[in-house]
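Student: Okay, handing you the structure first.
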Amino acid sequence: MSNPLRIAVAGLGTVGVGVVKILETHKDLIQSRCGRAIEIVAVSANNRVRDRGVDLTGYQWFDNALDFAGLDDVDVVVELIGGSDGIAKELAQKSIASGKSFVTANKALIAHHGATLANAAQEAGVAVRYEAAVAGGIPIIKAIGEGLAANRLNLVYGILNGTCNYILTTMEAKGQGFDEVLAEAQRLGYAEADPTFDVDGIDTAHKLAILSSVAFATETDFDHVYTEGIRRIEAVDIEYAREIGYRIKLLGISRLTDKGLEQRVHPAMVKVEEPIAQVEEAFNAVVAEGDFIDRTFYQGRGAGQGPTASAVVADIIDIARGHSGPAFFVPADQLTKAKPVSISEHEGAYYIRLHVQEKSGVIADITSVLKDHNVSLDVMLQKGHEQDGSVYIVLVTHKIQEKVLSEALAGIGALSSVQEEPLAIRIENL
């Protein structure tokens, strides 16, 4: 039988401990599936004495994970520290330079430096793997890069953040506001104490940048992902969405067109009958469309110890089997630099929510601004009477270019009767 594959694990938080548990629990099963044993020979974390619920006494302990790069008895470095730069980036660079394959669950690292690391790995003849960086337990990187390799893909989109999906589905189920549900999500452990990366869409944007590269063989380009979060979504928006046959989801959408690469993350209204509208709580889902497969749909848990650690170990098993192909499934020097498409060029229908003073002439003023910008309406609703004498007006537009709508909303927002910045949500007929 082949020699064991020897690994070093940097980071013993939730996912790192999960990796240790899986490799210990399924030691014999994994060996039978990949034809060789996988052995942990070294670990690193900040706190040696913390009780993590697993026995680590049999492994070499290093206070500095960068020391892994100099170990002759390590074949693969597994990075589970996090962060786009700092020690995670340095560990990746040093591991690859020393001839070690590199496995990570770090979506920020791959989103910012994926192309650079892919080139370095190609030159060093080692593997870079990151299945756990996107959609947790859904093997979406492998599904797109391998299972759909015979297709030219045209669209990839999905729910890529379980925290946001939990918040939105709970707001709908309970009729509660964003702040109240966010606090509940933090109590339950679905949201971090600082939820910025999740609720402001940054986590989803990292994952979308990676999916774009895998789907379209382009260099990762996080800087050109349009990113908008869910903080401004209110219970009233979810109620109105339901009334007109939609649900609100935070989506990451990537499309390669004749104009270039469109990458955007934002709340979107999707028809209730669409499969992605049925994805609830902390689950993720991804849809990929190609010329020969039409549409494929993947759903599963997007985070948590078990799903994420499972994806990490699957990458390690791939390397143990000798699968050391390009990080983005084409040679790194063949990744193209796609032209970014601005969100201002997007065309579609929009849901608009206005909070206005209830007085005569308000509707006329609003429609006058819309007329000046050639914005036509499909739906207009007026609902609710607040104690301060204000009402909500909800509009649904016909298809229009975003930069035109932005100009119209700026005009409406300047009206004295409008009490807060208008909210626009893109309607996606996917």
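The rows are residues; the columns are (1) among the small types (G, A, S); (2) more than 15 Å from the chain's Cα centre (by Cα); (3) in a loop (DSSP other than H, G, I, E, B).
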{"residue": "A121", "(1), (2), (3)": "yes, yes, no"}
{"residue": "N151", "(1), (2), (3)": "no, yes, yes"}
{"residue": "G158", "(1), (2), (3)": "yes, no, no"}
{"residue": "D179", "(1), (2), (3)": "no, yes, no"}
{"residue": "A183", "(1), (2), (3)": "yes, yes, no"}
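Student: Next question, about the same structure. Can you confirm whether region 202-217 contains a residue that is basic (K, R) and out of contact with any Lys or Arg (no Cβ under 9 Å at 6 or more places or on another chain)?
Tutor: No; the residues of region 202-217 include none that is basic (K, R) and out of contact with any Lys or Arg (no Cβ under 9 Å at 6 or more places or on another chain).
Student: Based on what the data block shows, is V375 outside any strand (DSSP E or B) and in contact (Cβ under 8 Å) with a residue 12 or more places away in the chain?
Tutor: yes
Student: Would you pick out the residues in region 40-64 that are under 31 Å from the mean Cα position of the chain (by Cα) and within 18 Å of V312 (Cα to Cα)?
Tutor: I40, A42, V43, S44, A45, V54
Student: Further question on the same structure: Take region 145-158 and flag every residue that is over 14 Å from D291 (Cβ atoms) and not acidic (D, E).
Tutor: Residues satisfying the conditions are G145, G147, Y157, G158.
Let's see how each residue does on (1) among the acidic types (D, E); (2) more than 35 Å from the chain's Cα centre (by Cα):
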position	(1), (2)
K337	no, no
S342	no, no
E345	yes, no
Y351	no, no
S368	no, yes
L377	no, no
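Student: Name the pairs: first residue in region 87-102 and over 20 Å from G325 (Cα atoms), second residue surrounded by fewer than 21 Cβ atoms within 10 Å (Cβ to Cβ) and modelled with pLDDT of 95 or more, Cβ to Cβ under 8 Å, at least 6 apart or on different chains?
Tutor: Short answer, once both residue conditions are applied: I87/L66; K89/H113; E90/L66; L91/L66.
Student: Scan (1) surrounded by fewer than 24 Cβ atoms within 10 Å (Cβ to Cβ); (2) under 21 Å from V265 (Cα atoms); (3) in the same structural domain as D63 (by TED's automatic domain parsing); (4) modelled with pLDDT of 95 or more for the single condition G83 breaks and write down its number.
Tutor: (4)
Student: While we're looking at this one, here's another question. Quick one: in region 208-240, of everything that is among the β-branched types (V, I, T), assigned to a helix (DSSP H, G or I) and touching a strand residue (DSSP E or B) at 6+ places or on another chain (Cβ under 8 Å), which residue is modelled with the highest pLDDT?
Tutor: I238
Student: Considering only region 225-236, I want to know if a residue exists there that is surrounded by fewer than 24 Cβ atoms within 10 Å (Cβ to Cβ) and within 26 Å of R152 (Cβ to Cβ).
Tutor: Yes.
Student: Is it the case, given these coordinates, that Q122 is within 28 Å of G260 (Cβ to Cβ) and not β-branched (V, I, T)?
Tutor: For Q122, the condition - within 28 Å of G260 (Cβ to Cβ) and not β-branched (V, I, T) - is met.
Student: Criterion first (at pLDDT 95 or above, closer than 27 Å to G137 by Cβ and in a loop (DSSP other than H, G, I, E, B)) does A327 satisfy it?
Tutor: Answer is yes for this residue.
Student: Those residues that are over 17 Å from H113 (Cβ atoms) and either among the charged types (D, E, K, R) or touching a Ser or Thr at 6+ places or on another chain (Cβ under 8 Å) (or both), I need them from region 187-202; list them, please.
Tutor: Result: R187, Y190, A191, E192, D194, P195, D198, V199, D200, G201.
Student: A further question on this structure: Scan region 213-225 and report the pairs whose first residue is among the aromatic types (F, W, Y) and whose second residue is surrounded by fewer than 24 Cβ atoms within 10 Å (Cβ to Cβ), with Cβ atoms within less than 6 Å and a gap of 6+ or a chain change.
Tutor: As it stands, the answer is F216/L256; F222/H112, since those pairs meet every condition given.
Student: If you don't mind, another one. Return the only residue of L71, L23, L66, L5 being closer than 21 Å to T104 by Cβ, out of contact with any Lys or Arg (no Cβ under 9 Å at 6 or more places or on another chain) and surrounded by 11 or more Cβ atoms within 10 Å (Cβ to Cβ).
Tutor: L23
Student: Report whether or not V312 is in contact with a strand residue (DSSP E or B) (Cβ under 8 Å, 6 or more places away or on another chain) and within 30 Å of M171 (Cβ to Cβ).
Tutor: no
Student: So E347 fits all but one of (1) of a type in the set (D, E); (2) in contact (Cβ under 8 Å) with a residue 40 or more places away in the chain; (3) farther than 21 Å from L208 by Cβ; what number is the exception?
Tutor: The failed condition is (3).
Student: Tell me, which strands (runs of 3 or more DSSP E) lie completely within region 241-306 with 1 or more residues that are β-branched (V, I, T), at pLDDT below 95 and touching a strand residue (DSSP E or B) at 6+ places or on another chain (Cβ under 9 Å)?
Tutor: Result: 246-257.
Student: If you don't mind, another one. Checking K339 against (1) buried (at least 19 other Cβ atoms within 10 Å of the Cβ); (2) of a type outside the set (A, V, I, L, M); (3) modelled with pLDDT of 95 or more, which test does it fail?
Tutor: Tallying (1) buried (at least 19 other Cβ atoms within 10 Å of the Cβ); (2) of a type outside the set (A, V, I, L, M); (3) modelled with pLDDT of 95 or more, K339 fails exactly one: (1).
The values are calculated or read from the model by the stated rules, or taken from the named source; none is laboratory data. Just so it is clear, the model here is predicted, and its values are computed rather than measured. Using ideal geometry, Cβ is built from the backbone for each residue, glycine included, and neighbour counts are taken over all protein chains shown.
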